[in-house]
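Values quoted throughout were computed directly from the atomic coordinates according to the rules given, and no laboratory measurement underlies them. Note that the structure is predicted; figures quoted are calculated from it, not measured. Counting neighbours? That spans all protein chains shown, and the Cβs are built from the backbone with ideal geometry, glycine included.
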Amino acid sequence: MPNRYAYYPGCSLEKNARAYHISTLYVAEKLGVALEEVPDWNCCGATEYFAIAALPAYALVARNLALAQGMDWNGGQRHLVAPCSACFLNLSKTDHYMADSPQLAAQVNEALAAGGLHYDPGAVFVHHLLDVIVDDVGYEKVQEMVTKPLFGLRVAPYYGCLVTRPDYKHIHNEPEHPFCLDDLLAALGATVIDYPVKTACCGGHMTQISEDTALELIRRLLKAAADYRADAIVALCPMCQLNLDGYQAQVNKHFGTDYHIPILYFTQVMGLAFGATPEEIGIGKEFVDARPVLNKIQEKPPEEGKKRRKKRRDKQALPMPELLRTHTGRK
Amino acid sequence: MQHKPQEKPRIGVYICHCGTNIAGTVDVEEVARWAGELEGVVVARDYKFMCSSLGQDLIENDIKEKKLNRIVVAACSPLMHEKTFRGACQKAGLNPYFFEMANIREHDAWATDDKTAATFKAKALVEGAVNRVKFHMPLEPIPVDINPNTLVVGGGIAGITAALELANAGYHVYLVERSPSIGGHMAQLDKTFPTLDCSACILTPKMVDVGQHENITLLAYSEVEAVEGYLGNFTITVRKKARHVNEDLCTGCGICIEKCPRKVIDTEFEAGLGYRKVIYRPFPQAVPKYPVIDTENCTFFQRGKCRACQIFCPTKAIDFDQEDELITFQVGNIIIATGYDLFDARRIPQYGYGRLANVFTSLEFERMVNAAGPTGGRIVLRDGVTEPRSVAIIHCVGSRDKNYHEYCSKICCMYSLKFAHLVRERLPDAEVYNFYIDIRAPGKGYEEFYHRVLHEGAHLIRGRVAEVTDAAREPGEEGKLIVQVEDTLIGKQRRIPVDMVILSAGIEARKDSKEVAQLFKMGCDFDGFFVERHPKLDPVATMTEGVFIAGCAQGPKDIPDTVAQGAAAAARVAGLIHQGTVLMEPVRAYIHEDLCSGCRICNNLCPYNAIVFHEDRQKSEVITALCQGCGTCVAACPSGVISGAHFTNDQIFAQIEGVLWDVRAKATAPS
């Protein structure tokens, strides 16, 4: 594991996703991940700016990369971590396309020069917080820190659409249907459902421009979680969390449904398992209150409670193939 | 040790146009003109096709009329035509090893579009060849006797065919099969496309023939462990794994299987869809008929208790103490027919195999529709009872996909259509959807079969499936598997709810194909398939003399192609056996004994154990018959007294100097 990461919280974590910020810091401290905030960072441009004006958008993002590059790295490899999926995508996209096109890199650097900055493509390795925890920290270290396993809590692992795709650095073997968050949550003792829409879109900013579209996308996510009897959806992104949480009531009103599924950040769930109080990791700030479902967490693993009765094989049924997990981490 | 050429060289240089293959990029006239001025060159010509009989005549006449004693042809790779031109030299009375070839096609003309650079490189290669050929020595090919026995590795339909062809021709065959029975993948199939023959019915008679043939030694449940030697004289070591059943005593009655109390999932023959006992025979018609104990799952081997099979065996054939046996024998040729692995569909998790119960692989479905399979031929969902009312068949799973295998697996379209037919036949009310990219039906009766399936009412939807999901959006989708696809013919996204999904998984190379290639010293391509000597003209030979390949080990193919290749490999081997003796390249190492210091460094390095050390006079000697001319000892000798015939230091250094002619010209030019 690198001994230090530049930390780029992004705008959401300052305000609506405050819970993500404080739970990230909590978990990072527990796991010994040293985070140092990028000085004077600015907005990543979110999802809209690239569609409106590409070059200024690249320059806007590249400024953050340049600031990260300029931090004191003592000659070591530079690592930048963003907890927000949109920030992560924009940062890695900018790095990727600047490396891909020397022309774009020159233009962007011309813009940066006005502020006395410069970015060399490839100088900073951009991580999402998930891959830092899964690949750099590792499941074993996470498991060691678990003091209150989440036995009995059924969680839906929700990756959203930006983390595993397009996967510029090729760290995900299954970008269409990843398993790394599943495995991480399982390491915390939770019961992880095979969430079929784990990489589907949450609607993003469609809530602002085409609400019907957004509500339908949110409904699909909530319905799949409800169909699998999930107690909570675990998200990696402030946008996903906001849409699923903040618009849940509206979905219910619009479609006549009655979903009450709390949406938690994966760092909050980790914090719970590491023994944090709900307040320490920002639980209670969400619209759909997560505190009632926390009562479902049991002392013992679900199987043990039932006195391990060996399941007899159904005589007629055909055997199921074993599941294959191929996430091997960064190559 | 710089040796002077023995006689005054009179060299003929011939620059081939190869149509426009070379002449399109290389200025051949200029190269010929330039070559004519090189020292020792008597004549230099360019010609449209040097390999034509007219081109060869040109060389022969020049040798006779102009008294040439060295020939250089600048044309294609020596793999193509070295033999041709050596033959021309020989016909004109010149030792064929006074010939040298410069490859200005693959190594030059085809590698660039830059005419100036290509012409420049052609000159360098030609001068290298001219310089080298001056130092060539007359050599005589080495005759090698061919052992008439043949090793066939792999007992699928390719290996079976090859073994039977050779055995019927009167030659002895050792057939080595890794699993407990021969039969391969073909034994697992239900029907074969497009004729819908029962696969087992046409295969098992051949298996019986193999088992009973007096010219075939069948070594099932065995693996080749070591291969030594060369064309005509291979020494093979085979590990015959312990079956824990004494084959001399076993009658194949099957009581042991019946009495065995433990069942495990059969991931091999039944493709994971059914169970087998721990002492088992893969299938009733297995050849040989003897069962085998799966020691990893056997209660006796794991816990020391049970012994049910031993107690009930009427002939006392169960032998828990049996050990692996190493068998060594000699063969002249080897045919590799190790087959393929099915692509592991779990590698595409969005298709749901392993996650969603009613997603099946093609091989599972083959076992399901087989009357001898786990469901007795009934098409049912994973619960073993419910018949599906709609079935989706997804083509190209793992094939034609840059994330997995870029190549087409060739058989999946046809077997997917066969599945569509079988579903419609067994469940006439069921809807069948085939999701395809393109239908590839190139074969006798294949296109006709495709039309037949269309007329039977299968729905063919053109588009690569995005995902198979159980996340229902609409009421009609509840409890179903939904196939999400872009129908590229109507240009729309579609969601098609079905009860059952079959993934038509592609063919991939065996997981250990790289090790197998190393064992037999064959080439292995990036995908793991064995490399043939020539993709068009020599598809069953390999770059290693005496080693042939057949079937899917070489690349994906269907049964008729596999059988044809198995027979072709056998014919090639039979031809060699019939010749009795073949002439091998005299490219061998030899040690100048008077200069050898006896340090013995070469002795241990030789991969063929071809170097002996004479204690009495403290000198090493290369046994010519065993030497393969690899050159390891030549490079390793600290005194530089080992020479590789046809690759002597004089020859190589002269060639290097020639290739670097421009450097020398610059260095000596007045500045």
Worksheet item: So what is the relative contact order for segment B:242-323, in percent, with contacts set as C-alpha pairs under 8 Å and at least six apart?
Response: 42
Practice prompt. With unit charges on the beta carbon (Lys/Arg positive, Asp/Glu negative), name the residue among A:T199, A:A86, A:Q298 whose Cα is farthest towards the positive pole of the charge dipole of chain A.
Written response: A:Q298
Worksheet, complete the sentence: Going from the fewest other Cβ atoms within 10 Å to the most, one would list A:I209, B:I652, B:I182 as A:I209, B:I652, B:I182
Practice prompt. Could you compute the FRET efficiency for A:W73 and A:H205, with r as their C-beta to C-beta distance and R0 at 51 Å, rounded to 0.05?
Written response: 0.90
Item to complete: Provide the FRET efficiency to the nearest 0.05 for the B:T116-A:A113 pair, computing r from the beta carbons and using R0 = 51 Å.
Response: 0.75
Practice prompt. Let me have the 222 nm mean residue ellipticity of chain A computed from DSSP H runs of 4+ only, each contributing -39500 (n - 2.57), with the sum over all residues rounded to the nearest 500.
Written response: -11500 deg cm²/dmol
Practice prompt. Name the residue farthest towards the positive end of the dipole of segment A:5-130 from the options A:A68, A:A19, A:A105, assuming +1 on Cβ of Lys and Arg, -1 on Cβ of Asp and Glu, about the Cα centre.
Written response: A:A19
Worksheet entry | In nm, spacing of pseudo-spin labels at B:L381 and B:F653 (7 Å Cα→C-beta vector) | 8.1
Worksheet item: Hey, with R₀ at 41 Å, roughly what FRET efficiency would A:E36 and A:D289 work out to, going by the Cβ-Cβ distance, to 0.05?
Response: 0.75
Item to complete: Determine the dipole magnitude for chain B: charges of +1 sit on the beta-carbon of Lys and Arg, -1 on that of Asp and Glu, nothing else is charged, the reference point is the Cα centre, and the result goes in debye to the nearest 20.
Response: 360
Fill in: Number of partner chain Cβ atoms within 10 Å, mean per residue of B:351-358
4
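Hey, which of these cross-link pairs are over 21 Å Cα-Cα: B:K66/B:K91; B:K259/B:K305; B:K277/B:K418; B:K263/B:K480?
B:K277/B:K418; B:K263/B:K480
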Response to the item:
Ranked on Cβ counts within 10 Å of their own Cβ, fewest leading, B:F120, B:F548 go B:F120, B:F548
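Would you work out the relative contact order for chain A, in percent, from Cα pairs under 8 angstrom that are 6 or more residues apart?
Numbers: 538 pairs, mean separation 65.8, N = 331.
Once divided by the residue count of chain A, the mean separation gives 20 percent.
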Worksheet item: About its Cα centre, what dipole magnitude does segment A:5-130 give when the only charges are +1 on Lys and Arg Cβ and -1 on Asp and Glu Cβ, stated in debye to the nearest 20?
Response: 260
Fill in: Cα-centre dipole for segment A:146-303 with unit charges at Cβ (Lys and Arg positive, Asp and Glu negative), debye to 20
100
Worksheet entry | Signed unit charges on C-beta, dipole axis of segment B:342-507, positive-most listed residue B:A458, B:Y351, B:Q484 | B:Y351
Practice prompt. Arrange the following residues from fewest to most other Cβ atoms within 10 Å of their Cβ: B:M368, B:M137.
Written response: B:M137, B:M368
Worksheet entry | For the protein assembly as shown, share of DSSP beta bridges that run antiparallel, in % to the nearest 5 | 45
Practice prompt. Would you mind calculating the relative contact order of chain B from Cα pairs under 8 angstrom and at least 6 residues apart, reporting the percent as a whole number?
Written response: 13
